[in-house]
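Reading through the structure tokens given below for one structure.
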Amino acid sequence: MTPLRPDRRTWLRHTAASLASAGAWACSPAAAAPRRHPEARVVQLLDMSAAQQESSRNYATGLRLAWAEASRSAAALPSLVTLETDGTPASTRPALDAVATDPSVCAVVGTAGERLAAQCVQDLGRRAPELAHLGPWLADTAFDDLPQLACLFAGRDAQIRHALRSLEGMGIQELALVYPDAEMHRTLGAGLQSLARELGLRAVALVPPASSDVAALARDLPATAPPVMLFLGATLELARFALALPPGRRQRYLIALADVDLPTLQQLWTRPPLPVILTQVVPVHQGQIAAVRRFRHLLKELYDEPPSPVSLAGYLAGRYALEVLRRAGEPTRTAVAQEVRRRSTVELDGFRLEFPSGRARGSRYVTQTLLSVDGRLIA
């Protein structure tokens, strides 16, 4: 298990490996609140590896906020159980085994980060196709036709289209696609090149050599590299790349996707290398729609945490999952899966989730925020 700082969410305590060895479920303190349905459980799986732990924690915090809010008024709720993994197959396998074989688990909710979410969707879709998967942090749209899956936020293609179209007014004709490793280049490279051509842009792929990393890639960046760079990694990788970029006369812009955790990035912003355009799939957390105001109020009341787009997304995912459970009636796998397949529209106090043509993705909302060289956020 990845060690946690004492002042960070101490309710994330138990790893999937410890559950497997004990042969029993482990519940966090928050999951032990009163007024739960005594028999049913929903499970959130988290990737707590070094690259994913900050975004996973923030997404989990938002989900916990939704559950804590609902527990104040709901007569009975399924217990919310958190399972941590370290992202490796040895850690993930026993967690998925536990979820698939326990009949008391009526749904999987809010899996994070993305590689774990994709693995869960594939594995549980094969072994437990009647088990609904609600609100995973999953930008990959390859699974959007699965009837038991409900993805809530804009996929990677919609995020990138928004980011690239925002460049049209700048007269940009080429950009760099910065991959954190060769594996992501193999996974996404062909599709992103095709998308860039569709939008009339020439794309140059920048990939660290096998024996190197993103910091070395930045230090060795050719002077002829396009000034606009779309970064496809997570928060720590983005910070390492940005902070290693050499100073130069040429103005550069770095665009990041929604996997980047804003509070963590701001903590790592030790010097102002260049502006970063942050793509987000939820309204800005300083916004005034009712769901965002409630989120900020609960976060201040229950956790000593700064708000972030990722924790707001987790809160909205929790609100959606609770609404599905309410509409399903009985918290059983069959009832919850049937409700998910209806693809009902859900209005979350100003954030609308609508599943067009029965697809598994409820929102295509995308916005951007600029993190300036002096650390200011500009909407």
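The values are calculated or read from the model by the stated rules, or taken from the named source; none is laboratory data. Worth saying up front: this structure is predicted, and the values here are computed from it rather than measured. Cβ coordinates were reconstructed from backbone atoms using ideal geometry, including for glycine residues, and neighbour counts include every protein chain displayed. Areas reflect the complete protein model, heavy atoms only, side chains present, ligands, DNA and RNA absent. Shrake-Rupley method; radii C 1.70, N 1.55, O 1.52, S 1.80 Å.
Miscellaneous remarks
- Remark: spin-label model distance L370-R93 equals 5.0 nm, labels positioned 7 Å along the Cα→Cβ axis.
- Packing-based order for 238-245, 49-56, using average beta carbon neighbours within 10 Å, highest first: 49-56, 238-245
- DSSP beta bridges in the chain [antiparallel fraction, %, rounded to 5]: 20 percent
- Computed over the chain, Kirkwood Rh from alpha-carbon pairs, angstrom: 21.2 Å
- Three-way shape label, the stretch 144-207, alpha-carbon gyration tensor, a/c 1.5: oblate
- Carbon and sulfur %, accessible surface of the chain computed with the full protein complex present, 1.4 Å: 52 percent
- For the stretch 190-220 versus the stretch 333-379, the gap between their alpha-carbon centres in whole angstrom: 28 Å
- Ranked by the mean number of other Cβ atoms within 10 Å of their residues, highest first, the peptides 348-360, 57-69 come out as 57-69, 348-360.
- Estimated inter-spin distance, R271 and L243, nm [label 7 Å along Cα→Cβ]: 1.1 nm
- Estimated [θ] at 222 nm from DSSP helical runs (n ≥ 4, -39500 (n - 2.57)) normalised by residues in the chain, nearest 500: -12000 deg cm²/dmol
- Remark: the H297-R126 segment gains 57.6 nm on full extension, using 0.36 nm per residue and subtracting the alpha carbon distance.
- Nitroxide proxy distance, nm - points 7 Å out along Cα→Cβ at I289 and R197: 3.6 nm
- Among 175-187, 275-287, the order from most to least packed when residues are scored by Cβ within 10 Å on average: 275-287, 175-187
- Per residue, in Å², the accessible surface of the stretch 164-267 once ligands and nucleic acids are set aside, probe 1.4 Å: 48 Å²
- Kirkwood hydrodynamic radius of the stretch 249-344, from the reciprocal of the average inverse Cα-Cα distance over all distinct pairs: 16.1 Å.
- Convex hull volume of the C-alpha atoms in the stretch 102-243, normalised per residue: 130 Å³.
- Gain upon complete extension [R186, V204; 0.36 nm per residue less C-alpha separation]: 5.0 nm
- Computed from point charges on the beta carbon alone (+1 for Lys and Arg, -1 for Asp and Glu), the dipole magnitude for the stretch 113-241 about its Cα centre is near 160 Debye.
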